[in-house]
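Chemist: A single structure is presented below for examination.
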Amino acid sequence: MRRRDQGQPGSVLIDIKGLVVKAATEEGTTTILNGVDLTVHRGEVVGLIGESGAGKSTLGLACMGFTRGGVRFTAGSIHFDGVDITRLQEKELRENWGTRVAYVAQSAAAAFNPAWRLLLQTTETAVDQHIMTRFDARAKAVDLYRTMRLPAPERIGERFPHQVSGGQLQRAMVAMGMVCQPDLLIFDEPTTALDVTTQIEVLAAIREVVQRYNTAAVYVTHDLAVVAQMAHRIAVMRHGQVVEFADTRKLLSSPEHPYTRELLNVTNIPREPGGETGAEVVLTIKNVNAQYGAQKVLDDVSFNVRRGETVALVGESGSGKSTTARVITGLLAPTDGEVLFKALALPASYRNRTRDLLRQIQLVSQMPDTALNPRHTVRQVLSRPLKFYFGMTGAKCLDRVEELLRMIEMDPETFLDRRSSELSGGQKQRLCIARALAANPSVLICDEVTSALDRLVAKEILQLLLKLQQQLKVAMIFITHDLEVVRAIAHDVVVMKTGRVVEAGPIEKVFAPPHDPYTELLLSSVPQMDPDWLSELLGRRAAKAPDGDVAQRSNVYALLQRGTSPS
């Protein structure tokens with residue numbers, strides 16, 4: 001399908017009517033989308049929101065005529081620029097992918113080729129499709145890296161995916177989707193892996209690109225505060241159907257469907273009072289330094305974790321939070337300092353730790369797509385730690401697997417024999433949590449475990465973790481960029497920046513004014529459920545920018561002039 005002349009702003013680009021999508025299963029078929037109607041106009045952002053498994057990602061992919069393996073369109077139509085793409089052959093669809101329509105995935109780590117440098121992957125489609133010369137594509141990529149606030153934009157493209165942080169990789173993927181200036185951008189949780197300060201920059205950049213190029217966008221997310229900044233209209237999905245579709249301001253102020261009201265009324269989990277008075281210190285990180293090659297990534301990091309309490313590590317992408325977790329688990333040896341478990345110095349490498357020491361400290365990864373073997377069934381995933389640590393087999397092992405599934409609200413009869421590749425993003429994350437719990441650890445390190453979950457499911461997971469902590473007195477290290485989650489679950493907070501601890505202490509002290517300037521920046525960057533919040537924040541920061549910082553001030557004001565609010 002060839003590119004047509006760009007239509008008028010506000011003209012319909014995507015028109016979906018009565019769409020039914022089904023997936024083949026061992027039992028027959030299951031309906032993923034059931035009679036969905038949706039329209040997207042040029043220059044408009046439509047938000048798709050709903051719980052994990054509601055069909056948001058499937059609908060987003062359907063807008064480009066794509067379905068995952070074993071999934072097919074069985075009824076309805078999808079008109080893209082007037083052409084029903086459900087009737088096109090794959091070869092015709094591929095002519096559009098990456099050029100007229102681009103997809104920004106939820107898990108950048110799984111989407112990038114680990115053997116290719118970032119710049120090559122960013123420019124590949126533009127060069128191969130003869131949209132730009134290699135020179136022009138490289139210049140465009142560098143400009144987008146700069147817009148995405150990536151460090152050293154002229155050089156970062158020479159790195160491989162594993163050489164940048166998760167947040168940096170996600171921003172590089174946004175840049176890759178924008179290179180060809182497509183008619184339609186599909187964002188599937190593009191800021192999931194980003195800290196709050198970086199998220200603001202990326203959201204502003206996405207909104208600017210949509211407005212500047214008259215691009216349509218579908219924004220899939222579970223974060224209502226984020227979608228409130230981005231979307232002109234929001235479609236609320238549940239069980240494969242759109243239960244409400246309305247203007248953003250109207251939906252936020254007067255939701256009609258009970259499920260929408262439920263999403264809007266999710267409140268923070270009331271945190272129980274701190275752990276036991278004088279609880280023993282189970283983990284000590286003492287003056288730890290670490291490096292990746294010649295680059296120092298941790299600088300004199302120290303803090304304690306007590307039995308039955310939660311320590312939250314917060315900070316921007318690349319601040320050293322996940323690297324600290326790698327040192328604790330023995331995946332990265334420190335260059336100086338030590339990690340002590342119950343006053344016992346742990347071997348620097350996990351290879352030199354006993355099986356019981358390995359069991360005591362468990363990590364739940366930020367990226368479930370790369371943490372799970374897509375060929376293994378849920379039964380296999382959960383059975384392995386039970387066999388490895390406890391020698392469980394047969395009926396006893398199966399009983400424990402089913403118990404773990406019930407703990408994470410996944411029905412054993414439904415999920416036991418599914419492969420991890422057949423699960424939604426939220427279900428995969430819950431499975432990773434269950435796998436860690438299977439070892440019955442003393443310390444649980446949670447690296448962004450709720451970032452891929454909708455508000456209702458995230459609340460359930462946090463409640464589960466708190467319940468587990470109260471019952472077993474397990475210590476937790478909670479790595480997150482969501483400061484509202486920190487308020488709900490943490491006893492102590494460690495604020496990190498560029499590998500150093502800038503502030504640490506009880507949450508009541510760290511989150512109470514007067515704040516350290518960096519902590520203040522983080523707290524002020526938490527999105528609010530107000531469509532004007534992002535524009536107002538950018539305006540305040542532009543006004544405070546140094547007089548000499550003309551570029552920053554003009555860029556922000558230009559953004560505000562293009563649209564102070566998406567609605």
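Chemist: Given the structure, is Val142 aliphatic (A, V, I, L, M), without any contact (Cβ under 8 Å) to a residue 24 or more places away in the chain and farther than 29 Å from Ser365 by Cβ? Before the answer, list the steps.
Modeler: Working: aliphatic (A, V, I, L, M): yes; without any contact (Cβ under 8 Å) to a residue 24 or more places away in the chain: yes; farther than 29 Å from Ser365 by Cβ: yes.
Spelling it out, Val142 is indeed aliphatic (A, V, I, L, M), without any contact (Cβ under 8 Å) to a residue 24 or more places away in the chain and farther than 29 Å from Ser365 by Cβ.
Chemist: Let me ask something else. Which residues, taken from segment 333-352, are of a type in the set (A, V, I, L, M, F, W, C), surrounded by 15 or more Cβ atoms within 10 Å (Cβ to Cβ) and closer than 19 Å to Pro441 by Cβ? If you could, list the steps in order and put the result at the bottom.
Modeler: Residues of segment 333-352 that are of a type in the set (A, V, I, L, M, F, W, C), as a first pass: 333, 339-341, 343-346, 348.
Among the residues that remain, those that are also surrounded by 15 or more Cβ atoms within 10 Å (Cβ to Cβ) are: 339-341, 346, 348.
Result: Val339, Leu340, Phe341, Leu346.
Chemist: In addition: Quick one: count up the residues across segment 353-384 that are open to solvent by 20 Å² or more (accessible area, probe 1.4 Å), under 24 Å from the mean Cα position of the chain (by Cα) and over 19 Å from Pro441 (Cα atoms).
Modeler: Residues that pass the stated criteria total 8.
Chemist: Further question: Restricting attention to segment 480-498, which residues are farther than 22 Å from Thr191 by Cα and part of a loop (DSSP other than H, G, I, E, B)?
Modeler: Residues satisfying the conditions are Ala490, His491.
Chemist: Out of (1) charged (D, E, K, R); (2) at pLDDT 90 or above; (3) open to solvent by 40 Å² or more (accessible area, probe 1.4 Å), what's the single condition that is false for Glu272?
Modeler: Unmet for Glu272, out of (1) charged (D, E, K, R); (2) at pLDDT 90 or above; (3) open to solvent by 40 Å² or more (accessible area, probe 1.4 Å): (2).
Chemist: Ok, one more. Considering only residues that are closer than 15 Å to Val282 by Cβ and hydroxyl-bearing (Ser, Thr, Tyr), which ones fall in segment 295-345?
Modeler: Thr310, Thr329
Chemist: Something else now. Six or more apart or on different chains, Cβ atoms under 7 Å: show the pairs whose first residue is in segment 30-54 and farther than 21 Å from Gly76 by Cα and whose second is part of a strand (DSSP E or B) and open to solvent by 10 Å² or more (accessible area, probe 1.4 Å).
Modeler: Final answer for the pair search is Gly50/Arg238; Glu51/Arg238.
Chemist: Search segment 81-100 for residues that are in a helix (DSSP H, G or I) and pair each with any residue that is open to solvent by less than 40 Å² (accessible area, probe 1.4 Å) and small (Gly, Ala, Ser) when their beta-carbon atoms are under 8 Å apart and the residues are at least 6 apart or on different chains.
Modeler: So the pair list comes out as Ile85/Gly65; Thr86/Gly65; Thr86/Ser77; Leu93/Gly65.
Chemist: Here's a check for you: in segment 385-395, which residue that is over 27 Å from the mean Cα position of the chain (by Cα), in a helix (DSSP H, G or I) and of a type outside the set (A, V, I, L, M, F, W, C) is farthest from Arg418 (Cα to Cα)? Can you show your working first?
Modeler: Filtering segment 385-395 down to residues over 27 Å from the mean Cα position of the chain (by Cα) leaves 386-395.
The next check asks that each one be in a helix (DSSP H, G or I); those that pass are 386-390, 394-395.
Those left that are additionally of a type outside the set (A, V, I, L, M, F, W, C): 387, 389, 394.
Working: Lys387: 20, Tyr389: 24, Gly394: 19 Å.
Across segment 385-395, the extreme among qualifying residues is Tyr389.
Chemist: If you take the residues of segment 68-92 that are touching a helix residue (DSSP H, G or I) at 6+ places or on another chain (Cβ under 8 Å) and buried (at least 17 other Cβ atoms within 10 Å of the Cβ), which of them is nearest to Leu194 (Cα to Cα)?
Modeler: The residue in question is Val71.
Chemist: Of Thr191, Thr221, Thr197, which residue is over 30 Å from Thr133 (Cβ atoms), surrounded by fewer than 21 Cβ atoms within 10 Å (Cβ to Cβ) and in contact (Cβ under 8 Å) with a residue 24 or more places away in the chain?
Modeler: Numbers: Thr191 fails: surrounded by fewer than 21 Cβ atoms within 10 Å (Cβ to Cβ); Thr221 fails: surrounded by fewer than 21 Cβ atoms within 10 Å (Cβ to Cβ).
Matching residue, one of Thr191, Thr221, Thr197: Thr197.
Chemist: Specify which of the listed residues (Gly499, Gly505) is surrounded by 18 or more Cβ atoms within 10 Å (Cβ to Cβ), at positive phi and not β-branched (Val, Ile, Thr).
Modeler: Working: Gly505 fails: surrounded by 18 or more Cβ atoms within 10 Å (Cβ to Cβ).
Criteria check complete, one pass: Gly499.
Chemist: Moving to a separate point now. Which one of these does Glu95 not meet: (1) among the charged types (D, E, K, R); (2) touching a helix residue (DSSP H, G or I) at 6+ places or on another chain (Cβ under 8 Å); (3) at pLDDT below 90?
Modeler: (2)
Chemist: In segment 448-479, how many residues are closer than 19 Å to Gly308 by Cα, open to solvent by less than 10 Å² (accessible area, probe 1.4 Å) and not in a helix (DSSP H, G or I)?
Modeler: 7
Chemist: While we're here: Can you list residue pairs whose Cβ atoms sit under 6 Å apart, with the first residue in segment 354-378 being free of Cβ contacts under 8 Å to residues at least 60 places away in the same chain and the second being assigned to a helix (DSSP H, G or I) and surrounded by fewer than 17 Cβ atoms within 10 Å (Cβ to Cβ)? Count only pairs 6 or more apart in sequence or on different chains.
Modeler: From segment 354-378, the pairs are Pro374/Ser421.
Chemist: Still on this structure, I have one more. In a loop (DSSP other than H, G, I, E, B) and either at pLDDT 95 or above or in contact with a strand residue (DSSP E or B) (Cβ under 9 Å, 6 or more places away or on another chain) (or both): which single residue out of Leu363, Leu331, Leu357, Leu340 fits that description? Working first, answer last.
Modeler: Working: Leu363 fails: in a loop (DSSP other than H, G, I, E, B); Leu357 fails: in a loop (DSSP other than H, G, I, E, B); Leu340 fails: in a loop (DSSP other than H, G, I, E, B).
Leu331 is the lone residue from the list that is in a loop (DSSP other than H, G, I, E, B) and either at pLDDT 95 or above or in contact with a strand residue (DSSP E or B) (Cβ under 9 Å, 6 or more places away or on another chain) (or both).
Chemist: Just one of (1) in contact with a helix residue (DSSP H, G or I) (Cβ under 6 Å, 6 or more places away or on another chain); (2) of a type in the set (Val, Ile, Thr); (3) closer than 27 Å to Glu262 by Cα trips up Ile445, so point out which.
Modeler: Of (1) in contact with a helix residue (DSSP H, G or I) (Cβ under 6 Å, 6 or more places away or on another chain); (2) of a type in the set (Val, Ile, Thr); (3) closer than 27 Å to Glu262 by Cα, only one is false for Ile445: (3).
Chemist: Considering (1) in contact (Cβ under 8 Å) with a residue 24 or more places away in the chain; (2) buried (at least 21 other Cβ atoms within 10 Å of the Cβ); (3) over 21 Å from the mean Cα position of the chain (by Cα), say which one Arg212 fails and leave the rest.
Modeler: Failing condition for Arg212: (2).
Chemist: Oh, and also: Yes or no: Asp37 farther than 30 Å from Arg430 by Cα, surrounded by fewer than 17 Cβ atoms within 10 Å (Cβ to Cβ), out of contact with any Phe, Trp or Tyr (no Cβ under 7 Å at 6 or more places or on another chain) and of a type in the set (D, E, K, R)? Let's see the steps before the verdict.
Modeler: Details: farther than 30 Å from Arg430 by Cα: yes; surrounded by fewer than 17 Cβ atoms within 10 Å (Cβ to Cβ): yes; out of contact with any Phe, Trp or Tyr (no Cβ under 7 Å at 6 or more places or on another chain): yes; of a type in the set (D, E, K, R): yes.
So Asp37 passes the test.
Chemist: Applying the selection to segment 419-447, what residues are assigned to a loop (DSSP other than H, G, I, E, B) and open to solvent by less than 10 Å² (accessible area, probe 1.4 Å)? Give the steps one after another, and end with the answer.
Modeler: From segment 419-447, those assigned to a loop (DSSP other than H, G, I, E, B) are 423-424, 438-442; that's our starting set.
Those that are assigned to a loop (DSSP other than H, G, I, E, B) and open to solvent by less than 10 Å² (accessible area, probe 1.4 Å): Ala438, Ala439.
The values are calculated or read from the model by the stated rules, or taken from the named source; none is laboratory data. This one's a predicted model, so the numbers in the text were calculated from it and none came from an experiment. For neighbour counting, all protein chains shown are included, and Cβ atoms are generated from backbone atoms with ideal geometry for every residue, glycine included. To get the accessible areas, we keep the full protein, side chains included, count just its heavy atoms, and leave off ligands, DNA and RNA. Shrake-Rupley method; radii C 1.70, N 1.55, O 1.52, S 1.80 Å.
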